[in-house]
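The values are calculated or read from the model by the stated rules, or taken from the named source; none is laboratory data. It should be emphasised that the depicted structure is a prediction, and the values quoted were computed from it without experimental measurement. Because the Cβ atoms are built from the backbone with ideal geometry, glycine has one as well, and the counts that use them run over all protein chains shown.
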């Protein structure tokens, strides 16, 4: 299909959508929905919040399409509507957190930990639909880098306007003038927000992204690390697990508030809780936040079924695991399209 024909088709769909044809509107927005959803996740830090914000944005876009004047591209206009929907959501719900944001690490395992239900927790993001590379030639961050755990966690420490400005400029390559129009502010305010946001993010994210690290590992070595982690859990093999970890490794398990830093505390936790204190494990390998991940299924005493327990995201440094983030809860498995149990 030629570019001219594609453009004509899009123009026809736009005219039909303005006239109330919802099928035409669906054809217009469908190619952009995945990247818009990832943008919502970057803004909000939870996949279900991203679902709600994108649904709200598309409804607003549908209702407001007659007012779209075509001064910018439809994609730019949709990002404007979506960003403002996310800003509304942040005003209502605030930022999301990881256990490291709540207090210092624990030196010894807390065996009978209790979930904190009063905290809005950061959640994992299924990244199978994300594209490799940047969304725009001038973007500083690739799309997968923009959903990495460290980056999204850092964004949660920014005021909403700084968060939006950084994503729009560094990930989507909108100009400061375009961002000012989207956020209904001045270009000077956008530049100030960007300067402040960059300083916070630079202080909170590793120098090397996970995408850079993963590109340096061959597929066989990466599989060895992921299968080695999962296999150590299934066998209860502390030695094999420790051999995969960096000396300064961290392990956290939202919604449990406790977290552990360093090989000694992490080993104490691993031996006393997942390796010997829970039950039998099975796993499926997956990918989350642009990083390798393991879907962990637990069979407790008296059960004959392994049930969905956590999406565990691995952060690598070289060929070792520098952080283990276990997002506990069967609701995450629904988001990832994974089965609720394994026989």
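Answer yes if at least one residue in the range 104-117 is under 20 Å from the mean Cα position of the chain (by Cα) and outside the structural domain of residue 288 (by TED's automatic domain parsing), and no otherwise.
Among the residues of the range 104-117, not one is under 20 Å from the mean Cα position of the chain (by Cα) and outside the structural domain of residue 288 (by TED's automatic domain parsing), which makes the answer no.
Considering (1) outside any loop (DSSP other than H, G, I, E, B); (2) in contact with a strand residue (DSSP E or B) (Cβ under 6 Å, 6 or more places away or on another chain), the lone condition that residue 80 does not fulfil carries the number (2). Within the range 136-147, which residues are in a loop (DSSP other than H, G, I, E, B) and crowded, with 18+ Cβ neighbours inside 10 Å? Of everything in the range 136-147, those that are in a loop (DSSP other than H, G, I, E, B) and crowded, with 18+ Cβ neighbours inside 10 Å turn out to be 139, 141, 142, 143, 144.
Would you say residue 229 is part of a helix (DSSP H, G or I), surrounded by 21 or more Cβ atoms within 10 Å (Cβ to Cβ), assigned by TED's automatic domain parsing to the domain that holds residue 280 and under 22 Å from the mean Cα position of the chain (by Cα)? Here the answer is yes, as residue 229 does meet what is asked. Number of residues in the range 89-107 that are within 25 Å of residue 278 (Cα to Cα) and in contact with a helix residue (DSSP H, G or I) (Cβ under 6 Å, 6 or more places away or on another chain): the value is 2. Looking across 79, 125, one residue alone is surrounded by 20 or more Cβ atoms within 10 Å (Cβ to Cβ), within 21 Å of the chain's Cα centre (by Cα), under 19 Å from residue 329 (Cα atoms) and outside the structural domain of residue 272 (by TED's automatic domain parsing). It is 125.
With respect to residue 281, determine if the residue is in a strand (DSSP E or B), closer than 19 Å to residue 241 by Cβ and over 24 Å from the mean Cα position of the chain (by Cα). Please lay out each step first, then the result.
Working: in a strand (DSSP E or B): yes; closer than 19 Å to residue 241 by Cβ: yes; over 24 Å from the mean Cα position of the chain (by Cα): yes.
Yes: the conditions hold for residue 281.
Taking the range 45-76 as the range and being out of contact with any helix residue (DSSP H, G or I) (no Cβ under 8 Å at 6 or more places or on another chain), over 16 Å from residue 178 (Cβ atoms) and surrounded by fewer than 14 Cβ atoms within 10 Å (Cβ to Cβ) as the test, the residues that pass are 55, 59, 63, 67.
The residues in the range 276-291 that are within 19 Å of residue 109 (Cβ to Cβ) and in contact with a helix residue (DSSP H, G or I) (Cβ under 6 Å, 6 or more places away or on another chain) can be counted, and the count is 1.
Considering every residue within the range 101-108, establish whether at least one is closer than 18 Å to residue 209 by Cβ and buried (at least 16 other Cβ atoms within 10 Å of the Cβ). No: zero hits. When the criteria are applied in full, residue 308 meets the requirement of being at pLDDT 95 or above, over 15 Å from the mean Cα position of the chain (by Cα) and surrounded by 14 or more Cβ atoms within 10 Å (Cβ to Cβ).
Criterion applied to 194, 222, 214, 256 was being surrounded by 14 or more Cβ atoms within 10 Å (Cβ to Cβ), within 22 Å of the chain's Cα centre (by Cα) and within 30 Å of residue 71 (Cα to Cα), and the one residue passing it is 194. Apart from one condition, residue 24 fits all of (1) surrounded by 16 or more Cβ atoms within 10 Å (Cβ to Cβ); (2) in contact with a helix residue (DSSP H, G or I) (Cβ under 8 Å, 6 or more places away or on another chain); (3) modelled with pLDDT of 95 or more; the exception is (3). If a residue has to be touching a strand residue (DSSP E or B) at 6+ places or on another chain (Cβ under 8 Å) and not in a strand (DSSP E or B) to count, how many in the range 252-266 make the cut? Summing the residues that are touching a strand residue (DSSP E or B) at 6+ places or on another chain (Cβ under 8 Å) and not in a strand (DSSP E or B) in the range 252-266 gives 6. Only a single criterion out of (1) more than 15 Å from residue 125 (Cβ to Cβ); (2) free of Cβ contacts under 8 Å to residues at least 60 places away in the same chain is not satisfied by residue 295, namely (1).
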